[in-house]
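First up is the structure itself, then whatever we jot down about it.
Please treat every number below as a calculation from the coordinates, not as lab data. Just so it is clear, the model here is predicted, and its values are computed rather than measured. FYI the Cβ positions are ideal-geometry reconstructions off the backbone, even for glycines, and counts take in every protein chain you see.
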Amino acid sequence: MAVVSLQARCVFLGAPGAGKGTQAKRVAEAVRLAHISTGDMLREEVAAGSELGRQAKSFMDGGKLVPDDVIIRMVQDRIRKPDARAAWILDGFPRTLPQAEALDRSLSGAAALTHVIYFAVPEAVLVGRLSGRRTCSKCGAIWHVENQPTKKPGVCDRCGGELLQRSDDRPEAIGKRLEVYRSQTSPLLAYYRDRKVLREIDANRSPDVVYKELLKLMQ
Ligand SMILES: [Zn+2]
């Protein structure tokens, strides 16, 4: 198995359903680096009923982005924690140009981004992936009713936890999320291409094939 540089500081970029979260989890289990998922962090805040969680919930349920200043502060605090000092993957952030610019400002010199990996998947495929996705309420494992079913429907194979459909994976929110992605996140491709850190991966293939290529790209 290839070994990823421990100095990798990556952004995983791509539309909702492109497989960023699944791959980031897998890489973080294989190599010692922090997987920083802003979606998971926000969902934890929502579950805990915190002030941030209450603010975030109304945006997420409508398939909208949580405001930049809220997310930026949350990510900056997270990157300063001890486990994220050497290496990390940002999954779900940045999603807008102001977020990308704020990230660049907070990471100077030796701490700058090393890779931005773009997960390319056709839109029709994304819709099928998102609508069938189920997440374990206990351990966070991600499943799919057709592509990656559990042995017992609705129950996590790993920990026995209950599987839930995220509120933003419901049909009414999916179209909105893809529209937000097209208008706000896809401009980041040009931004990172100009900075010569962008790498593209064809993510419309099996997770194992994507994973192997990803490790090569992150060297
Ligand atoms: Zn589980």
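Here are some notes:
- Under the shape rule built on the C-alpha gyration tensor, where the axes satisfy a ≥ b ≥ c, segment 75-183 is oblate, since a/c reaches at least 1.5 while a/b does not exceed b/c.
- Taking trypsin sites (Lys or Arg not before Pro) as exposed when DSSP calls them loop and at most 11 other C-beta atoms lie within 10 angstrom, the chain has its longest site-free stretch at 86-150.
- Euclidean distance of C-alpha centroids, segment 127-188 and segment 60-117, integer Å: 22 Å
- For segment 9-212, the relative contact order works out to 30 percent when only alpha carbon pairs closer than 8 Å and six or more residues apart are counted.
- Shape of segment 9-212, Cα gyration tensor, a/c cut at 1.5: rounded
- Each of LYS176 and ASP83 was given a label point 7 Å from its Cα along the Cα-to-Cβ line. The distance between the two points is 3.2 nm.
- Unsatisfied cross-links (Cα-Cα over 29 Å) in the set LYS20/LYS152; LYS57/LYS216; LYS152/LYS216; LYS20/LYS64; LYS20/LYS176; LYS81/LYS176: LYS57/LYS216; LYS152/LYS216; LYS81/LYS176
- Cα gyration tensor shape for segment 96-136, rounded if a/c is under 1.5, else prolate or oblate: prolate
- Calculated mean residue ellipticity, 222 nm, the chain: -12500 deg cm²/dmol, from DSSP H runs (n ≥ 4) at -39500 (n - 2.57) each, averaged per residue and rounded to 500.
- Ordering TRP88, MET60, ALA203 by Cα displacement along the dipole of the chain toward the positive end leaves TRP88 in first place; charges were set at the Cβ atoms of Lys, Arg (+1) and Asp, Glu (-1).
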